[in-house]
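The values are calculated or read from the model by the stated rules, or taken from the named source; none is laboratory data. Keep in mind that this is a model prediction, so the values were computed, not measured. With ideal geometry, Cβ positions are generated from the backbone for all residues, glycine too; neighbour counts draw on all protein chains shown. The accessibility values were calculated without ligands, DNA or RNA, using every heavy atom of the protein model including side chains. Shrake-Rupley method; radii C 1.70, N 1.55, O 1.52, S 1.80 Å.
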Amino acid sequence: MRIGELARRTGVSERSLRYYEEQGLLTPRRRPSGYRVYGDADVAAVRRIRILLGAGLNTAQILEILPCIVDEDGWLTPECPELVDALRQQRNRIDEAIGELETTRANLDTIIGSEKAAVSRGTRPPS
DNA sequence: CTTCTAACA
DNA sequence: TGTTAGCA
C-alpha cells in the first residue's frame with residue numbers, strides 16, 4: 001500500500017508518517033517512481049509508535065526500544081529490560097513534572113484568589 | 001488523481 | 001504538524 005492508504009488505515013497524517021521515516025521509525029521501500037510502499041506490518045508498527053509517543057517518549061527513544069517490543073494481541077509486551085527501564089525513567093520524569101506543576105499552581109493560588117486557595121484560607125465556606 | 005520534496009503569511 | 005507550491 002502507498003502512504004495514503006496507510007494514513008487512512010492508521011489515522012495518522014501523511015506528514016507524520018514521512019516524519020517517522022525520517023526519524024528511522026519506518027523504512028518503507030520505494031517504487032521506481034519514488035512512491036513509498038508499506039506492508040501490512042507497517043500498520044501495526046505505526047500503532048506501536050503512536051502508543052509509545054502517547055506514553056511521552058520521543059522518536060529517538062522509541063527507535064531504541066522498538067526492537068524490544070513483541071507484537072502480541074495488539075498490545076505491547078516489554079521483551080527486553082531496556083524497554084522496562086526506559087519506561088520507568090519516563091514514569092519518573094512524569095512524577096517530576098507533576099511535582100513542579102503542583103508547586104507552580106500553589107504559587108498561583110497564593111497570588112490570585114482561586115477557589116481552592118480561598119477555601120483553604122477559610123475565606124469562603126466549602127460547598 | 002496521488003505522491004514527493006522543501007519550505008513557511 | 002499543518003499546509004502549500006511545483007513536479008512527476
Describe numerically, in nm with one decimal, the distance between label points set 7 Å from Cα along Cα→Cβ at A:ASP85 and at A:LEU101. 2.8
What per residue convex hull volume, in Å³, comes out for the range A:1-78 when only alpha-carbon positions are used? 90
Accessible surface of A:LEU57 in the full protein assembly, 1.4 angstrom probe, to the nearest 10 Å²? 10
From the phi angles alone, apply the Karplus equation (6.51, -1.76, 1.60; θ = phi - 60°) to the range A:40-48 and give each ³J(HN,Hα) in whole Hz, x where the residue is Gly or Pro. 4, 4, 5, 5, 5, 4, 4, 5, 5
